[in-house]
Amino acid sequence: MAFELPALPYAFNALEPYIDALTMEIHHDRHHAAYVNNLNAAIKDTEADKLSIEQILAQVSKYPVAVRNNGGGHWNHSFFWKLLKVNNGQGPSGELLKAIEKAFGSVDKMKEEFNKAAVGRFGSGWAWLVVHDGTLVITSTPNQDCPLMDIADVKGTPILGLDVWEHAYYLKYQNKRPDYVNNFWNVVNWDQVADNYNQALKK
Ligand code: MN
């Protein structure tokens, strides 16, 4: 079963002015599409062709590096699109808010630690908020690695993630990754994060 590029669940300009329409179009239609096509090519006629993307990532060390890079790229971007929505200053609430306060002291402290992970990731990669042994932790991964992979330093179930590859921000922000990271908080869909959190607790 070949994997498919999921449709972007909103218009390319839906995240303006924080993430520009041209970046979204290139990011989804070209970068994500390439991960899907390259993943399909890498698993064609192998046993991985019958697995879900999560099953592949959980044992990714068994496979060629093209599966790690493109399988991670496919999962990470599919996860990322759903996380984004202009939130007009809305923050987390309910059980998610309680869990953030328990783990980090406050939402601002969590953001501070997340921003540090996102800005501090040298080169290309991702920053993550994950459920790890029932609690929330922040981590980052290089390239298209993901905390669901068996090779991850910190394994867990992501509930929030940020793409810090230059392709995610360079047209608008150029070299100013910290500005992109700060503006990310304007486009976090906290309802989706809460949903991810509730699902993660069931695992
Ligand atoms: Mn990307």
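For the peptides 33-44, 73-84, the ranking by mean Cβ contacts within 10 Å, running from highest to lowest, is 73-84, 33-44. Between the amide H of Ile159 and those of Leu129, Val130, Val131, distances stay under 5 Å, these residues lying 5 or more places away or on another chain, with hydrogens modeled in the peptide plane. For the chain, the spread of Cα positions along the three principal axes, ordered from largest to smallest, is 48, 39, 29 Å.
Between Leu201 and Ala2, the C-beta separation translates, for a Förster distance of 45 Å, into a calculated FRET efficiency of about 0.90. Spin-label model, Lys50/His31: points 7 Å from Cα along the beta carbon direction are separated by 3.5 nm.
Tell me, what is the FRET efficiency for Ser124 and Gln90 to the nearest 0.05, using R0 = 41 angstrom and their Cβ-Cβ distance as r? Provide the component values of the computation, followed by the final result.
Values: r = 30 Å, r/R0 = 0.72.
It comes to 0.90.
With contacts taken as Cα pairs under 8 Å at a separation of at least 6 residues, the range 73-203 carries a relative contact order of 31 percent. Extension gain, Asn13 to Val187, is 61.4 nm, computed as 0.36 nm per intervening residue step minus the present C-alpha separation. Placing unit charges on the Cβ atoms only, positive for Lys and Arg and negative for Asp and Glu, gives the chain a dipole magnitude near 240 debye about its Cα centre. On the beta carbon distance between Leu171 and Ser61, with R0 = 41 Å, the FRET formula returns roughly 0.75.
Comparing Leu96, Asn69, Phe80 along the charge dipole axis of the range 65-113, the residue lying farthest to the positive side is Asn69, per the Cβ-charge model. Loop-located GluC sites (Glu not before Pro) across the range 1-78 with a Cβ neighbour count of 11 or fewer within 10 Å are Glu4, with loop assigned by DSSP.
The numbers here are math on the coordinates, done by the rules we state, and not lab data. Keep in mind that what you see is a predicted model, and the values were worked out from it rather than measured. Cβ atoms come from the backbone with ideal geometry, glycine included; neighbour counts cover every protein chain shown.
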